Structures are given as C-alpha cells and as structure tokens.
1. Condition test on A:D52, is it within 27 Å of B:A90 (Cα to Cα), crowded, with 17+ Cβ neighbours inside 10 Å and within 11 Å of chain B (Cβ to nearest Cβ)?
2. So if I check each of A:A58, A:A108, A:A69, A:A24, which one is farther than 30 Å from B:A29 by Cβ and either within 14 Å of chain B (Cβ to nearest Cβ) or buried (at least 20 other Cβ atoms within 10 Å of the Cβ) (or both)?
3. When you scan the stretch B:32-52, how many residues do you find that are under 11 Å from B:H19 (Cα atoms) and not in a strand (DSSP E or B)?
4. Which one of these is at the interface with chain B (Cβ under 10 Å from one of its Cβ atoms), more than 27 Å from A:P23 (Cα to Cα), within 16 Å of the chain's Cα centre (by Cα) and assigned to a helix (DSSP H, G or I): A:K116, A:K123?
5. Take A:H79 and tell me if it is surrounded by 15 or more Cβ atoms within 10 Å (Cβ to Cβ), within 14 Å of another protein chain (Cβ to nearest Cβ) and touching a residue at least 24 places away in the same chain (Cβ under 8 Å).
6. Looking only at the stretch B:86-98, which residues are surrounded by fewer than 18 Cβ atoms within 10 Å (Cβ to Cβ) and more than 8 Å from chain A (Cβ to nearest Cβ)?
7. Starting from the stretch B:72-98, keep only residues that are touching a residue at least 40 places away in the same chain (Cβ under 8 Å) and acidic (D, E), then list their pairs with residues that are surrounded by fewer than 21 Cβ atoms within 10 Å (Cβ to Cβ) and in a strand (DSSP E or B) whose Cβ atoms are within a distance under 7 Å, requiring at least 6 positions of separation or different chains.
8. In the stretch A:113-130, is there at least one residue being without any contact (Cβ under 8 Å) to a residue 60 or more places away in the chain and surrounded by 22 or more Cβ atoms within 10 Å (Cβ to Cβ)?
Amino acid sequence: MSVRLSRRPLSVPAAYRELGQGPAGGIAIFLGRVRPDRVGARIVRALDYEADEGIALAAMHRIERGARARWGADEIVLHHRIGRLRVGEISVIAGAAAAHRADAFRSARWIIERLKSDVPIWKQNVLSGDPR
Amino acid sequence: MSGGAYLPLRAPFMVRSVHVLLFASAREAVGRPRLERAVPPGGVPLRELLEGLGREYPALRALLGSCREALNGRYVHGRSVRVRPGDELAIHPPFSGG
C-alpha cells in the first residue's frame, strides 16, 4: 500500500518497486504530467498544486481500499505531488498490480478517475509572462 | 493549594470562534487562507455562517454554490448542520487534481 502527497519530485522507479514487491503478473502505471496548454496568447509554463492534506490523504486511502475490494488489485500506488511543477514534470502516479493485465489496467484507470473526482487537490495555471 | 489562588476562566473571556479554512479559488476570493468567525456557544447552522461570509466577501458568495464544506475533516451533507465554537470548517471549490 502506498498513498502519498509529496512536495518533492515523484519517482517512477520507486513506484515500480512498490508495485513489484508481490507476485502479481500484471502492473499498470499511469503518469500525469504538466501540459504546456495555450491560454489565449499565453502558454502554461507551470502548475501550482495545493491540497487539503488531511482530507486528501483520507480520501486517497479510501480509493486504495476500494481498488483492492473492487478489482482485486494486489498492490496500489497513488502518489500526488503538490507545490509548483514545471511543464513536463509528473504530477501524479496511479499504479496497480494484479494477477492479470485486465485487472491491473482497470484498477489503475479507476484510481486515477476517483482521485480526480474525490480528492481535494487543486491546480492553478502559471502562465508565460506571469511575474511570479 | 490554598483556595482563591487562581481565578477560574469565565466564558465571556474565552474565544468562541469557528476556524474557516479556504482553498484555491475560495482563498483567492477572500484574499487569505484562514478566517476566524465568532459564533454563539450553541453554534449556528452552516447555512447562516456561509451567508454571512458571502455578504462579507461577494466574490466568495459567487463560488459557494459549487463548493463542498468539510466540518472537522468530514464532508457535510446539506447546510443545516450546526457549526460550533472550536469547529474547523474547510471550504472546498471543485477539485482539479491529477
């Protein structure tokens, strides 16, 4: 089990190590990254992420338990970064290990969708030309 | 200990407030991450507290319809729940993590 909010860069190798510690035959890992979206004449150069950390962690633990109960996932990784992230940096890792690929894919998909709908995390654009 | 060495704390001198935590667009609407709001000892309905904040901060009032509130770490259902002195109320705009 691995649920985390972190102010430091997220590590894909660390997530893989946690997912790979059991005998699961399938591991699916989704990575969310900061996109250089265009906003009018300007471009997103970073995102500022914040969370209500206590409530967010409790919600992430519920998602982790839900993925095990619903999809039979053996291991779950749900790591979200907070603070300022530049374009290209990883904001979220949602991974699942299960006996077979179908349940690994379903679990990873389910936990990232639940994170978006259930966890109090917010992002704000930092645009080209912004002073901060 | 001899009697009368200490004066008891009396209610009128105690701080009786709700701690309001504001996040994301709600924080920007108010201009700060935290507010203290005095409430009577028996508390007030959440609706009344939010209406007061909305009158004080019109930019926040425009957002409140889309916000969720958590009281002492748990989301509330409906706004008739009473908010009492010492409670912590978090105001959450729609989430955008991921």
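Each value in this text was obtained by applying a stated rule to the coordinates, not by laboratory testing. Treat the numbers as computed from the prediction; the structure is a model and nothing was measured. No Cβ is skipped: glycine too gets one built from the backbone with ideal geometry, and neighbour counts run over all protein chains shown.
1. Yes; evaluated as a whole, the condition is true for this residue.
2. Of the residues listed, the single one that is farther than 30 Å from B:A29 by Cβ and either within 14 Å of chain B (Cβ to nearest Cβ) or buried (at least 20 other Cβ atoms within 10 Å of the Cβ) (or both) is A:A108.
3. 2
4. A:K116
5. Yes, satisfied.
6. B:G86, B:E88, B:P94 - these are the residues of the stretch B:86-98 that are surrounded by fewer than 18 Cβ atoms within 10 Å (Cβ to Cβ) and more than 8 Å from chain A (Cβ to nearest Cβ).
7. B:D87/B:L71; B:E88/B:H19; B:E88/B:L21
8. Looking through the stretch A:113-130, at least one residue is without any contact (Cβ under 8 Å) to a residue 60 or more places away in the chain and surrounded by 22 or more Cβ atoms within 10 Å (Cβ to Cβ).
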